[in-house]
1. Taking 0.36 nm per residue of separation and subtracting the Cα-Cα distance, what length does fully extending residue 78 through residue 492 add?
2. Quick check: the distance between the Cα centres of segment 572-587 and segment 354-388, to the nearest angstrom?
3. Indicate, rounded to the nearest 5 percent, the antiparallel portion of the DSSP beta bridges found entirely in the chain.
4. In what sequence, highest mean first, do 342-353, 113-124 appear when ranked by Cβ atoms within 10 angstrom?
5. Ranked from highest to lowest mean number of other Cβ atoms within 10 Å per residue, what is the order of the peptides 202-210, 436-444, 154-162, 643-651?
6. Could you put 87, 638 in order, starting from the residue whose Cβ has the fewest other Cβ atoms within 10 Å?
7. Taking a ≥ b ≥ c as the square roots of the eigenvalues of the Cα gyration tensor of segment 544-629, is the shape rounded (a/c under 1.5), prolate (a/b larger than b/c) or oblate?
8. On a C-alpha basis, how far is the centre of segment 98-141 from the centre of segment 588-612 in Å? Whole number, if you could?
Ligand code: GLC
């Protein structure tokens, strides 16, 4: 049962695609106070678990901390952080009373989930203009499925996007990319995509290519494709201010950039230097920007990643002026009076300053709306611009698309990657814990930068992270300029990396099938243990094991120097190890706790009692996979329903896509 309540005048975010009648009265859970903005309070029971919030810090159970939905470009996701790049305002209470709540509010909203008072859930925002959806059902899992059916089908990428992708900030020339392709192909490390970070562009101008580095870009894209490698360029939100740059000039002429109060274009520095921000919340501007992707699709590009779309603002001219004044005063101060901290905070406060977000406006259906009031919708609408354009460009073709910033609703147009993490073991664990929450909010095609974006990755971290990445739909090794080179071939013992990625390709028939079933049935690809074993008191507390699809359970190793880990089995299962010599070991294990050995060069998974999964032979790209010859792993006399399609078009509803497999 779903009930919708409106407070004030909610902004139409288009997160929800189903129509609901408004309910009168108050929601049956919690109390609402509208005296200062909006505030909902609910008294939690001692054992209640709180799920949801998608891309958020800490655990699967969100209880015990404060989370603030406020899309933020913050590369240091330490445990104290309350906001990351996305805002996914859906929570599920599971326990004494079980219900879900979606707060459809496009600006900053705070979830204090038993932090200030252990038993109190407080959800509050400044303005009482929002829609609240309250969902009741049989279980947390059932509520999630109902929510997913309200928000529309999750984005489905082309099948090649289930292959492995190599990325690094710093690849600039045709030769740089060719080297990555060559190393992979020569060393037989599978590869389907190479990502093009900002240096492929001319002076970081969107929809431009540096012609010195790519004399014939179209031919280059086609040569790579002949090797079954897709090139995936980045597109940043800010448009460089430069005379004679067509996109800048057109945007100004048509009034498609965000404006300040005085009607002039808002300016902020990002990678290209000073830029203007396209007004993605304006339908016409969105169509205009979306059509620019044609510049690359016409040259054979089949996928993109959208970045810096919180939007990230390094500084504004006004902020810089204030900082310079502060620096001037600092220089003139006597040494004893100098406030180093004061100057530090002025300089540190230049980037993504909350005040800057109050200084520009959107033109939404002729209405002027201040940016901070709809801040969390910006990245969503950038990706929507692309998604809507792909429908015009080639309606039956799937394009790869994922974004950094997001809001629920964007999940229909693209996936997400989880932004600038670090080469830390704790960030591998964060990646593991975040996946089911992302799925609950509709983001199925997602993943983290494997090995970590900033800082230097050790070989063992990279291998362990990769062994988890085998299972994340988006599987990409990405790292920042200036860090240790993180391509697999830069490390000793390339065969270990080759083997682990090879296992991913062996599992693609199963992983793709489970992904597609999850997308087509508004279901989860990754689930917390509690969703499958709600009655098991131990399973409901486990956060470092995940269920994947309907057949398997994962217990990734995420600590350094470990030779394996402890795992809890809520029922008998078959422990499967993909050994480094290519063999597959299957071992039946009883319900209970066990220590499982997992070497650095192995991939392991558990098959649930009575189930089986298909595997194929490995290949160096998705296009080369032979999915006609499948072997089944798991329990004798079990069955599996396999989904398969051409991976290119959108013939999803064809009953011929399903096939019964038997072990
Ligand atoms: C941002 C992105 C990162 C990218 C960098 C340069 O930090 O999150 O992935 O490499 O910008 O474009």
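1. That pair, residue 78 and residue 492, stretches by 146.0 nm at full extension.
2. Spelled out, the Cα-based centre of one part sits 50 Å from the other.
3. Beta bridges within the chain, antiparallel portion: roughly 75 percent.
4. Details: 342-353: 15.0, 113-124: 17.0.
Top of the packing list down: 113-124, 342-353.
5. On the way: 202-210: 18.4, 436-444: 27.4, 154-162: 22.8, 643-651: 14.9.
Ranked from most to least packed, the peptides come out as 436-444, 154-162, 202-210, 643-651.
6. On the way: 87 33, 638 18.
With the fewest neighbours first, 87, 638 line up as 638, 87.
7. It is oblate, given that a/c is not under 1.5 and a/b is not larger than b/c.
8. Rounded to whole Å, the Cα centres lie 37 Å apart.
Each reported figure results from applying straightforward, stated rules to the coordinates on display, with no laboratory input. Quantities reported herein were computed from a predicted structural model and do not represent experimental measurements. No Cβ is skipped: glycine too gets one built from the backbone with ideal geometry, and neighbour counts run over all protein chains shown.
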